[in-house]
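Visitor: I have a structure I would like to understand better, so I am pasting it below and will then ask my questions one at a time.
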Amino acid sequence: MMTTKSRTLGLAACLCLMLGGVAFAQDKPAERYTYVTYSVCDLAQQERADEIFEQVQKGVYEAAVADGTISNYGWLKHHTGGKWRRVVYSSADSMQSLLDAQKKLGDQMDAKNEKLGIEFSKICNSHDDYIWRTVAGNIGTVARGGAAFSVYLICDQGREDQADALMTQVFAPMYDKMVADGKLKSWGWNEHIVGGQYRRLETFSAADVPALMAARAAIIEAYDDNPLSDTLTDICGDHTDYMWEITSQSP
C-alpha cells in the first residue's frame, strides 16, 4: 500500500538504479488482460441493479467461462471509496480475445433480456471502462476472498517501468508470503492499457472485511519499513482507494 512517509536514504536511490535493468526477470505471469466497467449508479436503486445482474448477466458470464471465451469474471459492490458503486470485470489471455468476448457477451445479454438491460443502464447510467494487464500477482488464477482493497494510482508515465520493477522484485515476495500464510486470498499489480487517468492498479483480497483490514495494516507497516517504498510513492504519488464486496466471481 502506498504511503507518504519521507526518508532521505541513499539506499533507495542505489537500489532503484539497480532495479532499472531487471524489471521482469523473475516469475513473469502468463499474459492476462482484464476489461473492467466501473459504474456510477442511483444509490436508491443499486440493489435492483444487483438483481438484474443475477437474472441476466451472471449466467452469460458463467457460460463464457465454461466455454473458454473468458478466463474469469467478477461482480463487485461498493463498500468504501469514491463514486463508483458497482464493478463488473472479465479476463482473457490476449487483447483480441478480450475485445471479441465483450461483443459476444453484450450480444448474448441483449438477446437474453434486452428490456432488463435497458433498466440496468438507467440505474447505472454512467461508467468508466478500463483494460488492465496483469504485471504481478496471482489475481485471475485463484478465487478472490469476499472483500477486496483496490488502489488506483496516478503515476509518472516516464517512470512506470521502474514502479513495475519495484513491485515485481521488491514487494511481490511480501504479498506472496501473505497469500501462503493465509492472510490474503489474492493480490495483483496491473498496468493501464486503455482507460482514464489511473495508470496502475494495486489490489488484494481477503476472506472478509476484518481480515482485509488486518492485512492492509500489515502491508502498510511493511511499506513503512522498506526505504524503497518512498521511491514507489514518488513515481505513483496520487491515488484513490476503494474497498469492494465481491459477491459473484469465478474461478
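The values are calculated or read from the model by the stated rules, or taken from the named source; none is laboratory data. Just so it is clear, the model here is predicted, and its values are computed rather than measured. Counting neighbours? That spans all protein chains shown, and the Cβs are built from the backbone with ideal geometry, glycine included.
Visitor: Restricting attention to the range 103-115, and to residues there that are surrounded by fewer than 17 Cβ atoms within 10 Å (Cβ to Cβ) and in contact (Cβ under 8 Å) with a residue 40 or more places away in the chain, which single residue is nearest to Glu31 (Cα to Cα)?
Guide: Only one residue tops the list, namely Lys104.
Visitor: Every residue in the range 25-51 that is surrounded by 20 or more Cβ atoms within 10 Å (Cβ to Cβ) and in contact with a helix residue (DSSP H, G or I) (Cβ under 6 Å, 6 or more places away or on another chain), please.
Guide: Scanning the range 25-51 gives Tyr33, Tyr35, Cys41, Ala49.
Visitor: Yes or no: Tyr73 in a helix (DSSP H, G or I), in contact (Cβ under 8 Å) with a residue 60 or more places away in the chain and within 21 Å of the chain's Cα centre (by Cα)?
Guide: no
Visitor: Now for a different question. Do you know which of the residues in the range 167-193 that are surrounded by fewer than 22 Cβ atoms within 10 Å (Cβ to Cβ) and among the β-branched types (Val, Ile, Thr) is nearest to Thr141 (Cα to Cα)?
Guide: Val179
Visitor: Within the group Asp230, Asp164, Asp241, Asp225, which residue is surrounded by fewer than 17 Cβ atoms within 10 Å (Cβ to Cβ) and farther than 20 Å from Lys83 by Cα?
Guide: Criteria check complete, one pass: Asp225.
Visitor: For Leu17, work out the one condition from (1) at pLDDT below 95; (2) outside any loop (DSSP other than H, G, I, E, B); (3) in contact with an Asp or Glu (Cβ under 7 Å, 6 or more places away or on another chain) it doesn't fulfil.
Guide: The single condition Leu17 does not satisfy is (3).
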